[in-house]
Amino acid sequence: MTVVVLGGAGYIGSHTVDRLIEKGYDVAVIDNLITGHRAAVNPKARFYQGDIHDRAFLDEVFNKETNVEGVIHFAAFSIVPESMKDPLKYFDNNTGGMITLLKAMRDHNIKRIIFSSTAATYGEPKQIPIKETDPQIPTNPYGESKLCMEKIIHWSDLAYGIKFVALRYFNVAGAKADGSIGEDHHPETHLIPIILQVAAGERTGLKIFGTDYPTKDGTNVRDYVHVVDLADAHILALEYLKAGNDSNAFNLGSSTGFSNKEILEAARKATGKEIPAEDAPRRAGDPSTLIAASDKARKVLGWKPQYDDVEEIIKTAWNWKTSHPKGYNDRGEA
Ligand code: UDP
């Protein structure tokens, strides 16, 4: 039986492919390599380069991969500020891509999908920590595009019997412990890799977006999970569906919140670098605080995150950064 991973050359996808291979699964990866990296894909996985919108391409893959036990779907754009500027890019790629994929799954009789949803589907939370049953009212097009995906898959489950697990990620960070794969975005927009670029001397300083939020120190509070722990949750979710359980949605977070300033301090400790920073205006679309209630994933999926210390998480990202100063170096950049 084969697991098909869409977006398996991306940051979270490549770590999940790696964990699947380590656990003995047969894996096929689909990625258009727009944001992903061929070198990030474990060489034991079969690789198909192509786009999720391309129905003929998906048919070709699913005609070759005839024994698919489930699909894990990461192939989406995920940058909040970009989605504010270009919402149609997000609805087209994320939501539209999901429709093409589900049609292909329906027609090839593939009945299980695990997919990346997000805490951004909740918007500005009514209560902290956020529970899976809380209202989903996104404050940005990225979150809305993912919420649409959750709704479309729900109706596809009822109509075609495609079972799903929606995993609502909070903030993901870190890298495989041996530093062989990690996070490499162009351009980089996420807090921890940007802080590490400053630590490495590639940027002059960090801009802290917003210092007047109603939080402990005025900066946004987020809940960080290690990427390998996140990857493992996908495998547990697949096994959960294989065991005959019904479709479901789970938060993936640590249940602990760190402010942007606390992350900066933890990164100073993890790297031993000074890391200059300055206050900057708020970034559009950012909710003030996002902390997960993650007991459901622990209880129902048996998820046991191995990393519970944010400094340790940052250390793994720093290990990747210092061993790969230019990332995968496959974009032809100096
Ligand atoms: N952030 C920041 N400076 C940066 C990048 C991010 O202050 O250069 C803040 C951002 O406004 C948010 C937090 O860091 O409060 C996490 O942002 P990120 O883009 O990493 O993840 P998101 O929470 O949007 O998924």
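None of the figures in this text is laboratory data; all of them are computed from the coordinates on show. Predicted model only: the values in this text are computed from it and were never measured. Reconstructed Cβ throughout: ideal geometry from the backbone, glycine too, with neighbour counts over all protein chains shown.
Before moving on, here are some points about what is shown:
- Lone unmet requirement of (1) away from the ligand (no atom under 15 Å from the Cβ); (2) aliphatic (A, V, I, L, M); (3) surrounded by 16 or more Cβ atoms within 10 Å (Cβ to Cβ) for Val172: (1)
- Being in contact with a strand residue (DSSP E or B) (Cβ under 6 Å, 6 or more places away or on another chain), under 23 Å from Ala292 (Cβ atoms) and loosely packed, with under 15 Cβ neighbours inside 10 Å holds for only one residue in Asp246, Asp217, and it is Asp217.
- When Phe115, Phe77 are checked against the criterion of being closer than 19 Å to Lys296 by Cβ and either in contact (Cβ under 8 Å) with a residue 40 or more places away in the chain or basic (Lys, Arg) (or both), a single residue qualifies: Phe115.
- Test: residue in the stretch 274-285 that is surrounded by fewer than 19 Cβ atoms within 10 Å (Cβ to Cβ), more than 20 Å from the chain's Cα centre (by Cα), assigned to a strand (DSSP E or B) and not aliphatic (A, V, I, L, M): yes
- Considering the stretch 54-93, and only residues there that are of a type outside the set (Val, Ile, Thr) and in contact with a Gly (Cβ under 6 Å, 6 or more places away or on another chain), the residue that is farthest from Pro287 (Cα to Cα) turns out to be Phe57.
- Cβ-Cβ distances below 7 Å connect the following pairs, each with a first residue in the stretch 236-257 that is within 19 Å of Lys131 (Cβ to Cβ), a second residue that is part of a helix (DSSP H, G or I) and small (Gly, Ala, Ser), and a separation of six or more residues or different chains: Phe250/Ala297; Asn251/Ala297; Leu252/Ala233; Leu252/Ala297.
- Of everything in the stretch 119-148 that is away from the ligand (no atom under 16 Å from the Cβ) and in contact (Cβ under 8 Å) with a residue 60 or more places away in the chain, the residue that is nearest to Leu241 (Cα to Cα) is Glu132.
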